[in-house]
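Note sheet for the following structure.
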Amino acid sequence: MNILVTGALGYIGSNTTIKLIESGYKLYLLDNLHNSSIDTLNKIEKITKKKQTFIEADIRDHNEINNILKKYKIETIFHFAGLKSVKESENSPEKYFEVNFEGSKNLIDGLNLQKIKKKIFIFSSSACVYGNPKKLPYKEDHPLSPENAYGKTKLKVELYLKQTSLSNTNWQAIALRYFNPIGAHSSGFLGDNPLNDTPENLMPYISRVALGKLTHLEIFGSDYDTNDGTPVRDYIHIEDLAEGHLAAFNFLKNKKNDVYEEINLGKGKGYSVLELVETFQKINKINIPYEFSKRRLGDISKYYADVEKSKNLLGWKTKKTLEEMCKSSWEFEKKLKENE
Ligand code: NAD
Ligand code: UDP
């Protein structure tokens with residue numbers, strides 16, 4: 001089976017790539033290195049002890065994508081490539097539309113043209129397609145109303161994938177709606193390492209405060225309607241998330257009929273920002289100075305996943321604890337520092 005992994009050198013792509021290689025699959029890894037480094041390819045090869053085929057390409061390049069799909073006779077695509085900053089998406093919605101929507105459309109249309117018996121597409125969607133919760137936990141049939149340009153691109157891809165897969169034959173597709181992935185691979189080599197100096201997401205920010213690269217964490221808001229006033233999210237260990245992809249792939253491979261599904265990948269449990277910070281401090285025995293500041297625009301007070309569908313359909317659920325997430329994030333950050 002010829003499998004293409006886009007965004008393979010990114011945080012989630014690289015961790016899933018490891019699991020796929022360890023399960024015996026031969027992969028074609030694609031990335032344009034916009035938010036990753038070629039060094040990650042070396043790490044993947046070191047961990048798996050297997051040489052990989054890497055293709056440096058941009059998913060926006062319609063002709064090149066078609067050529068790649070044809071040349072390697074691609075039958076399955078794990079599609080991680082994309083831009084993920086909510087803030088940047090609000091400032092540059094066109095760029096987000098081009099990369100996240102047009103780029104995904106190139107891959108979906110390209111796969112549709114392949115003359116093969118079974119087309120498998122696994123898409124990295126996000127919990128932010130739901131928008132303001134009408135009811136928690138978010139079930140997959142919760143109304144979809146993303147609050148920002150990033151979320152709108154994810155929803156647009158889901159709808160395009162659904163339409164394409166349902167109006168053509170031999171399609172099996174899943175949109176996986178991720179909650180908040182944190183943590184790192186057990187080797188300590190593959191984690192969330194945003195290329196910008198001031199990370200936007202909570203865990204990489206905490207890790208850099210722990211290292212002393214940033215002086216303190218700003219906690220955006222202490223007056224939310226939650227137990228301790230700070231927002232609640234469903235944090236999921238990156239290795240659990242990566243295994244969720246394998247479970248989705250196995251589910252599709254075993255199906256004879258055409259399929260389109262949207263499935264949450266989360267732990268099904270919410271933790272507040274303060275709970276995460278306190279767990280990080282306790283398990284790693286390190287102080288994280290923090291200050292409260294005003295709410296971040298567009299942040300939702302509280303959300304977490306309904307995990308029944310992933311359990312029933314994929315036979316998958318998370319195994320790792322918040323402590324393990326915090327511990328592995330810190331191990332990864334220390335390793336990065338050692339190798340600087
Ligand atoms: P990441 O930035 O670490 O990885 C994305 C990879 O895609 C990077 O290696 C980047 O270089 C590559 N890329 C970007 N634009 C590209 C292009 N035009 N052509 C080819 N490659 C390109 O991000 P991640 O955290 O690994 O996220 C992977 C996917 O999951 C993204 O689609 C993201 O939107 C989605 N997602 C992430 C989160 C999260 O919290 N990390 C949550 C929900 C959904
Ligand atoms: N957050 C924070 N300080 C930071 C970064 C994030 O207080 O420097 C909070 C943010 O308000 C949200 C939670 O941490 O409630 C998770 O934010 P993140 O950006 O990691 O993910 P999101 O849930 O927005 O996708």
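Structure notes:
- Long-range tail of P(r) for region 257-312 (Cα pairs > 20 Å, %): 51
- Relative contact order [Cα under 8 Å, 6+ residues apart], the chain, whole percent: 19
- In region 1-99, the ratio of gyration radius to Kirkwood radius, Rg to Rh, stands at 0.99 when only Cα atoms are counted.
- Annotation: amide H-H contacts under 5 Å for LEU33 (H modelled 1.01 Å from N, sequence separation of 5 or more, or interchain): none.
- If R0 is taken as 45 Å, the Cβ-Cβ distance between GLU88 and ASP141 corresponds to a FRET efficiency of 0.90.
- Degrees, to the nearest 10: 273-284 long Cα axis against longest axis of the chain: 80
- Inter-label distance, HIS62 to ASP258: 2.4 nm, where each label sits 7 Å from its Cα along the C-beta direction.
- Stretched out straight at 0.36 nm per residue, the stretch from ASN42 to SER23 would grow longer than its current Cα-Cα span by 4.9 nm.
- Rule-of-thumb Rg ratio for the chain [Cα; 2.2 N^0.38 Å; N residues]: 0.96
- Computed from backbone phi, the HN-Hα couplings of region 310-320 come to 5, 5, 6, 7, 9, x, 10, 8, 6, 10, 8 Hz, rounded to whole numbers (Karplus: 6.51 cos²θ - 1.76 cosθ + 1.60, θ = phi - 60°; Gly and Pro given as x).
- A protection proxy built from the mean count of other Cβ atoms within 10 Å ranks the segments 222-234, 62-74, 323-335, most packed first, as 323-335, 222-234, 62-74.
- Entry for region 7-60 at q = 0.13, 0.28 Å⁻¹: log10 I(q)/I(0) = -0.26, -1.20, Debye formula applied to identical alpha-carbon scatterers, no solvent contribution.
- Each residue, ASP197 and LYS70, gets one label point 7 Å from its Cα in the Cβ direction; the gap between the two is 4.6 nm.
- Legend: P(r) of region 124-266 from all alpha carbon pair distances, 10 Å bins from 0, whole percents, reading 10, 31, 35, 18, 6, 1.
- The mean sequence distance of close C-alpha pairs (under 8 Å, at least 6 residues apart), as a share of the length of region 106-221, puts its relative contact order at 25 percent.
- Normalised by the number of residues in region 266-320, the average gap of Cα pairs under 8 Å and 6 or more apart makes the relative contact order 54 percent.
- Anisotropy class of region 65-122 from Cα gyration tensor, a/c 1.5 cut: prolate
- Helix 322-338 axis, angle to the chain major axis (alpha carbon atoms, nearest 10°): 90
- Within straight-line cross-link reach of LYS311, lysines at Cα separation under 16 Å, skipping those fewer than 8 residues along the same chain: LYS139, LYS267, LYS269, LYS319, LYS320
- Between LYS337 and LYS118, the C-beta separation translates, for a Förster distance of 41 Å, into a calculated FRET efficiency of about 0.35.
- Counting only Cα atoms, region 183-338 measures 55, 40, 27 Å along its principal axes, largest extent leading.
No value in this document is a laboratory result; all are computed from the given coordinates. Small disclaimer: the values here were computed from a predicted structure and weren't measured. Don't worry about glycine lacking a Cβ; one is built from the backbone with ideal geometry, like all the others, and counts go over all protein chains shown.
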